[in-house]
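Take a look at the structure below.
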Amino acid sequence: MYCPNCGKKNDIDALFCENCGARLIIPASSAQPTPASAVSSAAQSTSSTAASEAPSASTSISAAPTAPELSTRSAQHAQPRSTSKLSWVILIVVLAVALGGGYYWLGYQRQSNSTATTTAKSSLRTATSEKAESSSSSKASASTATQTALWSTTKSSELASFMSSWQDTMNQSYEGTYDGQSVTIGELNLPSDIKNNQYQDKITVNGDTVKLKWTTAADTDAKYQVVAAATDPNASSGVITYLYVFHNGSPDVLVSQDSATATTFNFTSSQNTDLQDGFAKIANAD
């Protein structure tokens, strides 16, 4: 009989091929029935032999990747690209947030610095202005308080000597505060009325009401500083009364010839040059 596997002729009663060892199928007419287990074993042997003789086909089939495997590999190759792209997006977002935050912080700092600078400048200007005003006020007060004295007790004594000589040339006799006497003409009492601010309705200068200040040093900023007064109650033509003043810092002798019964005494600058020169010489002396 012939081997169904390799075609080798074998003895009719042989069970296996003497060439390839495959199980021989005994013809039904001459062979006894073969148990099912033997047939199964023969089939398995045949399959094993066939499998061993065709390794290349199995290997090729095994090596050929299936569609799921291709999809998995494609996904594995595609995954790094997707991850890389996501990383770049995250990096860009982080950089954008960082730059935006930095820009906002820088703007806030500039605004804060600008506000602080403006506030500091404003405070400095206010402090400087207040300091300047305070300094100006202090200087003004100091100027008022420390103004150079234009009159003194020595000059008052010199005025007394001058008037004693001058009245003789005028054939007049004067009573003056420079001699320590009070001067009274009707309702006017000097120097008390001026010292006590009770002269406003009694004295005018050039027809105007003015502010007078009685002083023994003439060191104030008053417009009219009165340092002495004198009167001749026995004058033939009314009562002659003199006020020795510093008008805006300049020496001047004011005169009134109103009668003792007058309620208001109007003073004007004396036209007697000897009297004006004598007082000015004493007042301007060092």
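The table for this structure:
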| read-out | value |
| --- | --- |
| Test set (1) within 29 Å of ALA285 (Cβ to Cβ); (2) touching a Lys or Arg at 6+ places or on another chain (Cβ under 8 Å); (3) part of a loop (DSSP other than H, G, I, E, B) - ASP221 fails condition number | (2) |
| Single residue of region 267-286 satisfying the filter (of a type in the set (S, T, N, Q) and over 17 Å from ALA230 (Cβ atoms)) that is least open to solvent (accessible area, probe 1.4 Å) | THR273 |
| Some residue of region 237-259 being within 15 Å of GLU187 (Cα to Cα), hydroxyl-bearing (Ser, Thr, Tyr) and either assigned to a loop (DSSP other than H, G, I, E, B) or within 60 Å of the chain's Cα centre (by Cα) (or both) | yes |
| Only one of THR146, THR115 that is of a type outside the set (D, E, K, R) and at pLDDT below 70 | THR146 |
| Residue ID - modelled with the lowest pLDDT, chosen from residues in region 241-258 that are under 18 Å from ASP193 (Cα atoms) and open to solvent by 10 Å² or more (accessible area, probe 1.4 Å) | ASP258 |
| Members of region 260-286 that are under 18 Å from GLU187 (Cβ atoms), outside any loop (DSSP other than H, G, I, E, B) and out of contact with any Leu (no Cβ under 7 Å at 6 or more places or on another chain) | ASN266 |
| Unmet criterion (only one of (1) open to solvent by 20 Å² or more (accessible area, probe 1.4 Å); (2) more than 21 Å from SER270 (Cα to Cα)) for LYS223 | (2) |
| Which numbered condition PRO233 misses (of (1) open to solvent by less than 20 Å² (accessible area, probe 1.4 Å); (2) closer than 28 Å to ASN171 by Cα) | (1) |
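The values are calculated or read from the model by the stated rules, or taken from the named source; none is laboratory data. Just so we're clear, the structure is a prediction, and the values are computed from it rather than from any experiment. Note that we place each Cβ from the backbone using ideal geometry, even for glycine, and neighbour counts take in every protein chain shown. Just the protein is used for accessible areas: all its heavy atoms, side chains included, with ligands, DNA and RNA removed. Shrake-Rupley method; radii C 1.70, N 1.55, O 1.52, S 1.80 Å.
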